[in-house]
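Enquirer: I have a structure I would like to understand better, so I am pasting it below and will then ask my questions one at a time.
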Amino acid sequence: MGLELYLDLMSQPSRAVYIFAKKNGIPFELRTVEVLKGQHLSKEFLQVNSLHRVPVLKDGDFILTESVAILIYLSIKYQTADYWYPPDLQARARVHEYLGWHADCIRGTFGVSLWTQVMAPLIGAQVPEEKVKRNRAIMDQALQQLEDKFLGDRAFLTGQQLTLADLMALEELMQPVALGYDLFEGRPRLAAWRGRVEAFLGAELCQEAHSPILSILEQAVKKTLPVPPPEAYPNMLLRIAKIP
Amino acid sequence: MTWQRDPGMPVPSWQGGDLHPGFRERESGRAGALLIGPKFSGAIQWAGRAWPGSDSPGGSAQLQAPWPSKQFLPVVVPVPGPVPLGLPAAPTATPTMGLELYLDLMSQPCRAVYIFAKKNGIPFELRTVELLKGQHYSDAFAQVNPLRKVPALKDGDFTLAESVAILLYLSRKYKTPDHWYPQDLQACARVDEYLSWQHTALRNCCIQVMWQKMMFPVFLGEPVPPETLAATLAELDRCLQLLEDKFLRNQAFLTGSHISVADLVAITELMHPVSAGCQVFESRPKLAAWRQRVEAAVGKDLFQEAHAVVLKAKDLPPADHAMKEKLRPLMQILLK
């Protein structure tokens, strides 16, 4: 068996891995793990990742979790173009610097809207309005920092060339966009950056990767979303409780 | 890639620019932010209370200067001996500084960077930035890291934030032994995997335990509801179990048979709840054995030295009323 990638395109880091692999022509078997259907809890998937999370990479016997680790692994193994993960000492340090800040300030925060608007209602849980407002404010603050501290006057987040940082950031930012918060509106610098990243990745690939999440609200309204199985509830409730 | 100095950037005080206090004793309120991490401090600022001294009501105390992009000082005036940041030094002729590390050993990631640099004999100037005194909010420190966080690195003209970025930069630049961050594709991936997981899992957990078990009752004199503390400790327990089951397994170290930066990052995190009085290792023999190995690999003296500050945190004098009030919105978040 060659390279396998276990992904759910509802998940931001899964999308980053998917886009990276496709854009770089890396041959892989896509193993879709639909979190909404509770497939991440299956016994089969447990063998792959005891943490029940996506994305996961399986390369022969080698299993790897964590999107950043996966992206770096793929970039090195498949010798992707330098700009993704630049070999220059300082340029590479900037990518890690962004990813460190991203882990604190973007990851987690930008995923909340999917939970408050879709996942919680699906299992009959409710998130207090206060938390929703707080999340919006935290996102706004993070976006300000993203623009001021990282993007600035540059074309991309860590310099004049696109890197893994931009891919990770874009996919996180797309999550609330898909859930109805157009965070690019009123932020021309960020909107321009998004345009550049998507142009670079290619409209078709972006469309392919983003369409599942972009249709989620519609599916929720039409009640065509799969209902999570009961065994998924405890983890989901835990996740909901963790929303600050 | 080099950063260009923006000609519109204000001239820092130590180059003869406007003198300003920069250093404020016991700048209450802000102190908490760094120790609780940016995720929580973002939530605090929403709570509508401006941090003391921040320029806009309810605004971020972290964004005081208009920084269009990360800027850096082209040269730094060398200051004689260890000087608290923010005190202006008389401008003199300017040989370029070597490596400077801006650290507060109260902070877990700072300890990891400190240990790494010392263990590998990397020559550096230690610039202590005391979080509990608000020194990270000085304008002088903002020149080094506009995000006002520690650890921060300054290597000639190059400034860098984020502990993982700093560790990897140092390991490459100073060509440290391979085991710290291996060249081998899969071995390296294991380290990357741990460094990524811990950032969104163990880290926040250790911070919460530290605050709920110790900083609230001792430093702030505020009781923590027992059920809240119990839930936090349960979460710590869960993370420790994952650490053992998913990462350590039957290996000597977290990512294999040799110590790596992953172990440094992990051990310094775990010393946070230890310093708050948690029996992290006593009931977990596998982890305790791993800890012994890490300490031995690092060197007991260096390990003690790096942890001296945090192990004395329980002896901190209690916060005054003003600081307590400033930290009140934070308490709600940390007590969830």
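The values are calculated or read from the model by the stated rules, or taken from the named source; none is laboratory data. Quick caveat, the model's predicted, so the values are computed rather than measured. Counting neighbours? That spans all protein chains shown, and the Cβs are built from the backbone with ideal geometry, glycine included. Remember, those area values only see protein heavy atoms, side chains included, never the ligands or the DNA or RNA. Shrake-Rupley method; radii C 1.70, N 1.55, O 1.52, S 1.80 Å.
Enquirer: Once Lys and Arg get +1 and Asp and Glu get -1 on their Cβ, which of B:233, B:204, B:177 lies farthest toward the positive end of the dipole of the stretch B:133-265?
Expert: Value: B:177.
Enquirer: Can you compute 3J(HN,Hα) from phi for each residue in the stretch A:223-237, using the Karplus curve 6.51 cos²θ - 1.76 cosθ + 1.60 with θ = phi - 60°, rounded to whole Hz and x for Gly and Pro?
Expert: With the stated coefficients, the stretch A:223-237 comes to 6, 9, 6, x, 8, x, x, x, 5, 7, 4, x, 5, 5, 5 Hz.
Enquirer: For the stretch A:116-169 and the stretch B:268-296, what is the centre-to-centre distance using only Cα atoms, to the nearest Å?
Expert: Here the answer is 35 Å between Cα centres.
Enquirer: Would you pull out the residues with amide H under 5 Å of residue B:125's amide H, same chain only if 5 or more places away, H placed 1.01 Å from N?
Expert: Excluding prolines and chain starts, which carry no amide H, the hits are B:99, B:100, B:101.
Enquirer: Further question: Got a sec to turn the phi values of the stretch B:158-163 into Karplus ³J(HN,Hα) couplings, 6.51 cos²θ - 1.76 cosθ + 1.60 with θ = phi - 60°, whole Hz, x for Gly and Pro?
Expert: Per residue, the Karplus-derived 3J(HN,Hα) values read 8, 10, 8, 10, 6, 4 Hz.
Enquirer: Dipole of the stretch B:197-336, Cα-centred, from +1 at each Lys and Arg C-beta and -1 at each Asp and Glu C-beta, to the nearest 20 debye? Spell out each step's value before the answer.
Expert: Values: 16 positive and 15 negative charges, 35 e Å.
My answer is approximately 160 debye.
Enquirer: Could I ask something else about it? As a test of reading the structure, rank B:199, A:52 by solvent-accessible area (1.4 Å probe, protein chains only), most first.
Expert: Values: B:199 15, A:52 50 Å².
So, going from the largest accessible area down, we get A:52, B:199.
Enquirer: So what is log10(I(q)/I(0)) for the stretch A:56-204 at q = 0.09, 0.15, 0.20 1/Å, when the Debye sum runs over its Cα atoms only?
Expert: -0.33, -0.86, -1.29
Enquirer: Under the rule of at least 5 residues apart or a separate chain, name every residue whose amide H is placed under 5 Å from the amide H of residue A:31.
Expert: HN-HN under 5 Å from residue A:31: A:5, A:6, A:7.
Enquirer: What are the lysines whose alpha-carbon lies under 24 Å from the alpha-carbon of residue B:173, with same-chain residues fewer than 8 places away excluded?
Expert: A:77, B:70, B:118, B:119, B:149, B:154
Enquirer: 5 Å is the cut-off here: which amide hydrogens, built 1.01 Å from N in the peptide plane, fall below it relative to residue A:156, excluding neighbours closer than 5 in sequence?
Expert: A:161
Enquirer: Put +1 on the Cβ of each Lys and Arg and -1 on the Cβ of each Asp and Glu in the stretch A:3-77; which of A:57, A:18, A:46 then has its Cα farthest toward the positive end of the dipole?
Expert: Highest projection toward the positive end goes to A:18.
Enquirer: Using Cα positions and a limit of under 20 Å, work out the lysines in reach of residue B:246, with same-chain residues fewer than 8 apart set aside.
Expert: A:43, A:58, B:286
Enquirer: Taking the Cα centre of the stretch A:89-241 as origin, sum charge times position over the Cβ atoms of Lys and Arg (+1) and Asp and Glu (-1), and report the length of that vector in debye to the nearest 20. Spell out each step's value before the answer.
Expert: Values: 16 positive and 18 negative charges, 43 e Å.
Using only the charged Cβ atoms, the result is roughly 200 debye.
Enquirer: Would you kindly derive the ³J(HN,Hα) couplings of the stretch B:281-288 from the backbone phi angles with the Karplus curve 6.51 cos²θ - 1.76 cosθ + 1.60 (θ = phi - 60°), listing them in order in whole Hz, with x for Gly and Pro?
Expert: Running phi through 6.51 cos²θ - 1.76 cosθ + 1.60 with θ = phi - 60° gives 9, 4, 9, 10, x, 5, 5, 4 Hz.
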